Every structure is written in structure tokens, then in C-alpha cells.
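Asker: After the C-alpha cells below, expect a handful of questions from me.
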Amino acid sequence: MTHDHSALLTQLDQLKGAEIGTVFAELIRAGLQALIEAEATETLGAARYERSTDRTTHRNGHRTKTVATTSGDVELKIPKLRAGSFFPSLLQRRRRIDQALHAVIMEAYVHGVSTRNVDDLVAALGVESGISKSEVSRICAGLDAEIARFRDRTLTHTIFPYVFLDATYCKVRVGAHVVSQALVVATGVSIDGGREVLGTAVGDSESFEFWREFLVSLRNRGLSGVHLVISDAHSGLKAAVAQQFTGAAWQRCRVHFMRNLQGAVGSKHVPAVMAAVKTIFVHTDPDEVATQYDQVVETLSGSFPKAAAMLTAARHDVLAFAAFPRAHWSKIWSNNPIERLNKEIKRRADVVEIFPNSAAFLRLATAVVIEQHDEWQVTRRYVSDVSMDELRAVIVAKQHAAEAVPALAESVEIG
């Protein structure tokens, strides 16, 4: 960029004694304006008042455009042409926020800052004209490309023996109504012991069809090697898991189950019943766990028949964890890991209160889980190498057992 020497001296005189913020704003304005004029000259094939055979058209005045920068608002002049149109490549149409502020606003939004507080933040950064809710929404829509890449990425780089599934609800405006919509999140533990967020989706309810579509999308992206799915006992979810992950065990979240169990006994008896049930999970041997489970059922059957019936019906699903390495039990017998992630989503979503549409809900929630996913990639493994070797042995034994069943059936038929 070049400036006439005398013009620079005049500008220097004007800035002497000005506040530092004003100085930087003027320097940004002058620099941007010079670049705009240079680009216009190249586009037209001639500078202002220059006679040239390369000229394609002439200038026809200017129109002003306010651009908000971290040093304040600056007024730029965009050349108008007699024929055709010109818009500088440094700027973007219908956007008055520079890239630095653009990044700040998106980061604030993802961290749960309300649009009103975003406006205050932008004002504190020197943008006197502020920013509207609609403009914040337009800016944050820029996250969509990154979010789409994350949600559509391939999962073929490894296998995930453990998969956690859960949902959380937030208020979303759909047409003229405000409704609760479900955000479903899937996380997985890879065969190397690391954790990843596998996917997210938003829907009207946790129906079988919705869960099936979500699980099919995970499989289409390459999710494989699933041996245990951990979730609550929502009927639609359970049915979809059974259909899409044939051969995988299902672990009913013990925390959710114990909450359900509390409803089967009077409030004054809850502590005693819960204490009895918790004795099941203090054992470290699978056989001892199963024996204690049966003893607790027998103990409760006399005074609390409804609770005992619930325990009997849920036995296989609540104890699914016992078929896997002991070191993994506390990590796979409940949905607590994904519950913590849902709490963070809710914390940030509560600031918004009501999302303008499903896309906005999905955008913020997925941005939150991307942060968690990235953090998991640089933290220590969720489970140790040694315990993962034990899991590999469990998987091999399971596969051998599955192969032996058809062979046994065939030998019986021949005999």
C-alpha cells in the first residue's frame, strides 16, 4: 500500500494528541480504504482520473459501509461504478463485523453468553453501534460448516467396543409454538481406550424411529465393533439398539434404574432399600455379584414385592457389565460419563432459554461436544492399556463362543 507523502503528514498531524483507540481506528480505516481503492483500480484497469486504454468503466461516487473492528466502528467508502458492480474482497456482503470480532462472538455464543450480553461484550470492544440478535444468529451460522464436518466425519479409523447413548431436552421454537426437543448424543470408548463423541442429532422425541435413524447414521459412517451399549431404559432406544447392534449386550444404566426403583417403595423405606441394592455392586467377582443380586431380590420380596419384581425383570440388563473386565465396571455400569456432558450442554443452553429453531439448538450443542471431544484427544486414556488387553480377550472368547454354536447345532443334526 502506498500513500502520498504529504497526505501521510496531514494524517499524522490529525492524529497527534488523539486517544490511542482513536489512533488505531483511524489507522485501520486508512489502511482498509487504501486497499479498497487499490483493488478498485485493478478491477477498472485505471486509477482515478487516469486515461488508459485498459479502463473498463468509470467510478460513480461512493457508498459508505460501517465496519465494526476491535478498535471501534470505522466508516469505509466503497466505490460505485457506472457499469457493473464492485465489492472489495477484504469485506463480506451483509456483514459489518471484522473477522476478529466474528471469532469473539462465535466463541462467546458457544460458551453460553446470551445475545444481550454479547451485545455488551461487543460494545466493550469498541463497537458503539452494538449488535442485534439476528446478527449474532447470522454470525453463529458460520459454525455450521465446521459442525457438519464433525457430524459427518468417518468413524472407520478404529472400533468402539463401548457406546454410550443419552438424550437431553431444551425449548425450541417450531413455527408458532415452543416445544421440547431432544438432543441425542453418542459417545464411545475405542479399542485403544480413548473416548470420542460419535454423533449428535435433534428430534421431536425419543421415538424408536428417531433412535433407529440416528444409529443407522452412525453405522453408515463406519461405527463398528460394538459389544456393549450403555443407556437408560427408554423403550424406543432399547428397541433401536437391539435392531441395529445385533450381538451387542445392553447395559441398563444402574443410576437410572435405582431412581426408578425408588418409586416402587415408600419414601421412608428408600434409604434401606437403596443400601441393600448397593451391596450388589461392591463385589469384584462376577459370580459373587450375581449371587448377591439374587439374595437382595429374596430379601426384598417379602416386604417390597414390587421392587423385587423390578429387580428380577431387570437382572440380565443391570448385570451386563459383569461380563466385561473388572477394571471397566465403574465406567460402564452407568451413563454418568455422558450425563456430565449433557449437564454442560444444558448449562450453556439455559442462557439461551428458547432456541429460535432446531438448527440453532443443534449448532450450540454440537459446538459444546466438539470442545469435549477435542479435550479427550489430548487427555489420558479413559481406560488403561492393560485393561483393554483384558477386553480384547473377552471379545475373542465371545467370538469363539458364537462360532461354536452353529457348529454344535450342525453336529446335533448330523447325529
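Asker: Pick from the range 348-394 the residues that are among the aromatic types (Phe, Trp, Tyr) and assigned to a helix (DSSP H, G or I): which of them is surrounded by the most Cβ atoms within 10 Å (Cβ to Cβ)? Give the steps one after another, and end with the answer.
Answerer: To start, the set of residues in the range 348-394 that are among the aromatic types (Phe, Trp, Tyr) comprises 355, 361, 376, 382.
Right, trim to assigned to a helix (DSSP H, G or I) and you get 361, 376.
Numbers: Phe361: 23, Trp376: 16.
That would be Phe361.
Asker: Okay, next question. Looking at the range 199-234, which of its residues are surrounded by 22 or more Cβ atoms within 10 Å (Cβ to Cβ) and charged (D, E, K, R)?
Answerer: none
Asker: Looking only at residues in the range 304-316 that are of a type outside the set (A, V, I, L, M) and either in contact with a helix residue (DSSP H, G or I) (Cβ under 8 Å, 6 or more places away or on another chain) or outside the structural domain of Asp232 (by TED's automatic domain parsing) (or both), which one is nearest to His269 (Cα to Cα)? Before the answer, list the steps.
Answerer: We begin by selecting, within the range 304-316, every residue of a type outside the set (A, V, I, L, M); these are 304-306, 312, 315-316.
If we keep only those that are either in contact with a helix residue (DSSP H, G or I) (Cβ under 8 Å, 6 or more places away or on another chain) or outside the structural domain of Asp232 (by TED's automatic domain parsing) (or both) too, we end up with 304, 312, 315.
Numbers: Phe304: 9, Thr312: 19, Arg315: 22 Å.
Residue satisfying both the conditions and the ranking: Phe304.
Asker: Going residue by residue through the range 277-290, is there one that turns out to be closer than 30 Å to Ser205 by Cβ and either outside any helix (DSSP H, G or I) or not assigned by TED's automatic domain parsing to the domain that holds Ala186 (or both)?
Answerer: The answer is no, given that none of the residues of the range 277-290 is closer than 30 Å to Ser205 by Cβ and either outside any helix (DSSP H, G or I) or not assigned by TED's automatic domain parsing to the domain that holds Ala186 (or both).
Asker: Hey, another quick one. Taking the range 342-352, which residues are modelled with pLDDT under 85 and touching a strand residue (DSSP E or B) at 6+ places or on another chain (Cβ under 7 Å)?
Answerer: Here is the first cut: in the range 342-352, the residues modelled with pLDDT under 85 are 347-352.
Correct list: Ala349 only.
Asker: State all residues of the range 198-208 that are in contact with a Gly (Cβ under 9 Å, 6 or more places away or on another chain) and modelled with pLDDT of 95 or more; if no residue qualifies, say none. Break it down into steps so the answer makes sense when it comes.
Answerer: Here is the first cut: in the range 198-208, the ones in contact with a Gly (Cβ under 9 Å, 6 or more places away or on another chain) are 198, 205-208.
Passing the criteria: only Leu198.
Asker: Hey, any hits in the range 202-215 for a residue that's in a strand (DSSP E or B) and among the hydrophobic types (A, V, I, L, M, F, W, C)? Break it down stepwise before answering.
Answerer: Quick first cut of the range 202-215, residues in a strand (DSSP E or B) only: 202-203.
Now narrow it down to the ones that are among the hydrophobic types (A, V, I, L, M, F, W, C): 202.
The answer is yes; a qualifying residue exists.
Asker: Of the residues Ala314, Ala307, Ala349, Ala323, which is under 26 Å from Ala393 (Cβ atoms), among the small types (Gly, Ala, Ser) and in contact (Cβ under 8 Å) with a residue 12 or more places away in the chain?
Answerer: Details: Ala314 fails: under 26 Å from Ala393 (Cβ atoms); Ala307 fails: under 26 Å from Ala393 (Cβ atoms); Ala349 fails: under 26 Å from Ala393 (Cβ atoms).
Criteria check complete, one pass: Ala323.
Asker: When the range 232-275 is examined, which residues are found to be part of a loop (DSSP other than H, G, I, E, B) and either touching a residue at least 12 places away in the same chain (Cβ under 8 Å) or closer than 25 Å to Thr168 by Cβ (or both)?
Answerer: We begin by selecting, within the range 232-275, every residue part of a loop (DSSP other than H, G, I, E, B); these are 232-234, 245-248, 253, 263-266.
Matches in the range 232-275: Asp232, Ala233, His234, Phe245, Gly247, Ala248, Cys253, Gly263, Ala264, Val265.
Asker: Something else about it: When you go through (1) closer than 29 Å to Ala167 by Cβ; (2) part of a helix (DSSP H, G or I); (3) modelled with pLDDT under 85 one by one for Leu408, which number turns out not to apply?
Answerer: That leaves (1) as the condition not met.
Asker: Quick one: how many residues across the range 31-67 are in contact (Cβ under 8 Å) with a residue 24 or more places away in the chain and not in a loop (DSSP other than H, G, I, E, B)?
Answerer: Of the residues in that region, 15 qualify.
Asker: Right, another one. Quick one: how many residues across the range 172-217 are polar (S, T, N, Q) and under 25 Å from Trp376 (Cβ atoms)? Can you show your working first?
Answerer: Kept after step one, since they are polar (S, T, N, Q), are these residues of the range 172-217: 180-181, 187, 190, 200, 205, 207, 217.
After this cut, where a residue has to be under 25 Å from Trp376 (Cβ atoms) as well, the list is 187, 190, 200, 217.
Counting residues in the range 172-217 that are polar (S, T, N, Q) and under 25 Å from Trp376 (Cβ atoms) gives 4.
The values are calculated or read from the model by the stated rules, or taken from the named source; none is laboratory data. Owing to the predicted nature of the structure, the values given are computational and were not obtained by experimental measurement. Ideal geometry is used to build each Cβ from the backbone, glycine not excepted, and the neighbour counts take in all protein chains shown.
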